[in-house]
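The structure appears below as structure tokens.
The values are calculated or read from the model by the stated rules, or taken from the named source; none is laboratory data. Just so it is clear, the model here is predicted, and its values are computed rather than measured. Virtual Cβ from ideal backbone geometry, glycine too; neighbours counted across all protein chains shown.
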Amino acid sequence: MQRRPLVPLLAVSVMAALAPALAAAPATASPSARSTPASAAADADPLRPYARQKPVWGKCGVGTPAALRCATLKVPLDYRDPGGKKIDIAISRLKTSAPGKRHGVLLSNPGGPGGPGLEMPLELERQLPRQVKGRYDLIGFDPRGVGRSTPVQCGLSPEENVLLRPLRTFDKNVALARSVADKCRAKAGDKLPHITTRNTARDMDVLRAALGERKISYYGVSYGTALGAVYTQLFPRRADRFVLDSAIDPKLMWRGMFRIWAPEAERAFQRWTKWTAARDATYRLGDTPAEVGKSFWALVARADRDPIVIDGVPLDGAGVREQVRPNLFTVRDAARQVVRLKEAAGGRAKAQDLPEPPPEPDVSATVSVVCGDSSWPRDPETYRRDSIRDADRYPLYGDFASGVLPCAFWDRPVEPATEVNNTVPALIVQNEWDSQTPLVTAQALHGQMKGSRMVTVDEGEGHGVYGTNPCADFAANSYLATGKLPAADVTCRATPGERRATSSLPAPGPLG
């Protein structure tokens, strides 16, 4: 890509793309800003110093490959007050090995909200084919409030470090949610209103400008799709080649994204019972869907009477439901898990040689984004009523999905939720059976991004498509390499219950 002179480009692009962020409404690029005389632009653009930063690249840390370089940028805590408090944004870069073929930069986000992304370029370098990664400098970053980017840390106890809980402990859930909100306010009250998806998108545009790029390309998975979609809405002229993998519906951010897990789990449960009944000789859970369903609910009832111990962890009925729900979308995994629960309930469970599970990620930054992006009901009784109703409608997970979160006790968001409605080109890739971001949410985003194309993996299982299906990979790689979207939406094929390739791309956070 032919790079234009750095300073003149930044002086114009930042005024055009970032200055509207000073208003409470989301920022958009303003064509009229380009006609402003240079002297007036300097006076009118308080964000210009941020855009003119020159990253100082150095080692990322002990054990990190030398090729991955890190730097720190300053951004406003509050874009309505650019001259006020500043925060750090940690960024990383893996430069292309083929500078003569370089098209630009490929930013990335691994999911969350609350997932760190500094090492994402290393993961992409392993996944991307040569003809794609040679076209880009791969750029990672820790979103504001996460990792090395002025982290939000509320000092939560292990009991508080959980988002979704069952109805039976509702009064305790309310107390814990209030405690989390109070702790976060006490520890990070000045930051909380500004740890949002919109501001992270604005940080991405400061990063773009500081790198001297007219546009950015982007790969985002799960929550990263929401971040990418919001960026295209705020800065449509700065978006180049965007691949959104396992997509969130911006209109459901965020309570709706949790609540949609309940009806989708019921659909997955019905599919799973049919698949498992057809394989009764293997799993012995019943030779009809109804019998398989009875086997599962008998385990739930058994666990409520006497917890089932798996790997030293006792599970009551709610614990069984919570653990099984995401696996239902991958039918073979769920069948094996339920068989193991049944064996454990009968005292026949075999010892498992399992790796030490990673510690639970701190949900402080996750809660900050989820509560800061949009308004939530303030009355705890709203959550109680919804949980009771949804537990009846969707017995597998309805009470979890509609439960009370700290957002009920959070301060009101400082901005309205971002409405995504644009014609920016993008490629959305989605498995049909995704436990975290269901197919319907990707279809909704596709409708809101009218310039997008969608690749659906029919009967595809698992969260995160890239690196797991050759057909979907071909579409994504072709787009990243050439900038040409498919002429129409694409349907790829998968076989339910097949062993799928495991993507090495991380997907932390409740939504992945």
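Residues being surrounded by fewer than 20 Cβ atoms within 10 Å (Cβ to Cβ), out of contact with any helix residue (DSSP H, G or I) (no Cβ under 6 Å at 6 or more places or on another chain) and basic (Lys, Arg) are represented in region 280-297 by at least one member.
If you check Ser13, Ser39, Ser30, Ser35 for being farther than 23 Å from Ile139 by Cα and either at pLDDT 95 or above or within 30 Å of the chain's Cα centre (by Cα) (or both), only one passes: Ser30. Counted as qualifying within region 204-285 are the helices (runs of 4 or more DSSP H) with 1 or more residues that are more than 17 Å from Val420 (Cα to Cα), in contact with a Phe, Trp or Tyr (Cβ under 6 Å, 6 or more places away or on another chain) and acidic (Asp, Glu), namely 261-277. Taken residue by residue, region 408-418 has at least one member that is part of a loop (DSSP other than H, G, I, E, B), touching a Lys or Arg at 6+ places or on another chain (Cβ under 7 Å) and under 24 Å from Val243 (Cβ atoms). Listed by first and then second residue, the pairs with beta-carbon distance under 6 Å, at least 6 apart or on different chains, first residue in region 161-172 and free of Cβ contacts under 8 Å to residues at least 12 places away in the same chain, second surrounded by fewer than 15 Cβ atoms within 10 Å (Cβ to Cβ), form an empty list. Considering only residues that are in contact with a helix residue (DSSP H, G or I) (Cβ under 8 Å, 6 or more places away or on another chain), surrounded by fewer than 18 Cβ atoms within 10 Å (Cβ to Cβ) and of a type in the set (D, E, K, R), which ones fall in region 161-186? Listed by number, the residues that qualify are Arg168, Arg178, Asp182, Arg185. Kindly evaluate Val420 against the criterion of being modelled with pLDDT of 95 or more, of a type in the set (Val, Ile, Thr) and under 20 Å from the mean Cα position of the chain (by Cα). So Val420 passes the test. Would you be able to say whether some residue in region 473-485 is part of a strand (DSSP E or B) and surrounded by 17 or more Cβ atoms within 10 Å (Cβ to Cβ)? No - not one qualifying residue is present in region 473-485. Among residues of region 108-122 that are without any contact (Cβ under 8 Å) to a residue 40 or more places away in the chain, those with a Cβ under 9 angstrom from a residue that is polar (S, T, N, Q), sequence gap 6+ or separate chain, pair up as Gly117/Ser92; Gly117/Ser108; Gly117/Asn109. The set of residues from region 436-445 being of a type outside the set (A, V, I, L, M, F, W, C) and either surrounded by fewer than 21 Cβ atoms within 10 Å (Cβ to Cβ) or modelled with pLDDT under 95 (or both) comprises just one member, Gln443.
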